[in-house]
Structure formats: C-alpha cells, structure tokens
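Remarks on the structure that follows.
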Amino acid sequence: MTALLVRCRSCRREYSSDELRKMACLDCQVRETTAEVRADITRQLNRAVRYRRTGGRFNPEILDRLRSRLLRRILELVTDPRKALELADREYQAAISGMPGAKLLPSRLEVARLSGLASQ
Ligand SMILES: [Zn+2]
C-alpha cells in the first residue's frame, strides 16, 4: 500500500499519512500534549529562582514530579521508552532554555534518572 502525503494540521510540513495521528505529526502532538506541563515547569523554575534570591527553601521534588509528568504524557504517544525519554528531554530543555534558573538544575542527569519510569 502506498502511503499518502499529508500536511500536518499544525506545522504544515508534509508527512506520509501513516505518520500522522489526528492529522498531526509526532512533534506537534508532543508539543500539544506537554504544553501545560512545560508551562508549569517554567513557573516552578521561576519560583525556585525567587526562593533562592530571598534565601527561602525550594523543594526540588516539585520539579522532579513535573519531569515525570512530562515523560508520562509523552509515553501516552510513544511506546518506545528510549524515544520517549529523548523527546521528554528535548521538551524539558525547551521549557527551561534561556531561563535564569536553568543552570541550577543538573537537568540531563535528572531526566536520565527517569529512565526507570519509562521502562516500567
Ligand atoms: Zn506537525
């Protein structure tokens, strides 16, 4: 069977029809499904920076939980755990890139720690 070329409804790039789900490519699906969690990560990171400035204590587990949530969202779309982790890392990096608090986080390591979660 020949796959049809179809445009993703979101980014308008062309894909073969079997790569699309609900007319969206994987990248766009991932972006959509993680938008809320990414916004939360940005918010919490801002809080972490604020707390640090004022000498307050910020519980880093909050960010851990958000990273787990990010990965779980992606695992609903991608069954290959390694691919899901790679995408989770990418979305996480996108959420924190350019933020003043980003360097407070050993992000890659912590995402790697989530691999246990992905393989469950
Ligand atoms: Zn797309």
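Confirm whether GLU14 is surrounded by fewer than 18 Cβ atoms within 10 Å (Cβ to Cβ), modelled with pLDDT of 95 or more and either away from the ligand (no atom under 16 Å from the Cβ) or of a type in the set (Val, Ile, Thr) (or both).
no
Kindly provide the set of residues from the range 60-83 that are more than 16 Å from ALA35 (Cα to Cα) and not basic (Lys, Arg), ordered by number.
We begin by selecting, within the range 60-83, every residue more than 16 Å from ALA35 (Cα to Cα); these are 60-62, 64, 78-83.
PRO60, GLU61, ILE62, ASP64, VAL78, THR79, ASP80, PRO81, listed by residue number.
Looking only at the range 1-11, filter to residues that are over 17 Å from LEU87 (Cβ atoms) and either acidic (Asp, Glu) or within 13 Å of the ligand (Cβ to nearest atom) (or both); which one of those is surrounded by the most Cβ atoms within 10 Å (Cβ to Cβ)? Outline the logic, then answer.
Step one: of the range 1-11, the residues over 17 Å from LEU87 (Cβ atoms) are 1-7, 9.
Those still in the list that are either acidic (Asp, Glu) or within 13 Å of the ligand (Cβ to nearest atom) (or both) too: 6-7, 9.
On the way: VAL6: 15, ARG7: 13, ARG9: 12.
Going through the qualifying residues, I end up with VAL6.
Considering only the range 13-55, how many residues are touching a Lys or Arg at 6+ places or on another chain (Cβ under 9 Å), farther than 22 Å from ARG69 by Cβ and without any contact (Cβ under 8 Å) to a residue 12 or more places away in the chain?
Number of matching residues: 2.
Given the options ARG21, ARG31, name the one that is closer than 21 Å to GLU86 by Cβ, within 16 Å of the ligand (Cβ to nearest atom), of a type in the set (D, E, K, R) and surrounded by 15 or more Cβ atoms within 10 Å (Cβ to Cβ). Give the steps one after another, and end with the answer.
Values: ARG21 fails: surrounded by 15 or more Cβ atoms within 10 Å (Cβ to Cβ).
The match here is ARG31.
The values are calculated or read from the model by the stated rules, or taken from the named source; none is laboratory data. Treat the numbers as computed from the prediction; the structure is a model and nothing was measured. Neighbour counts are summed over all protein chains in view; Cβ atoms, including those assigned to glycine, are modelled from backbone coordinates with ideal geometry.
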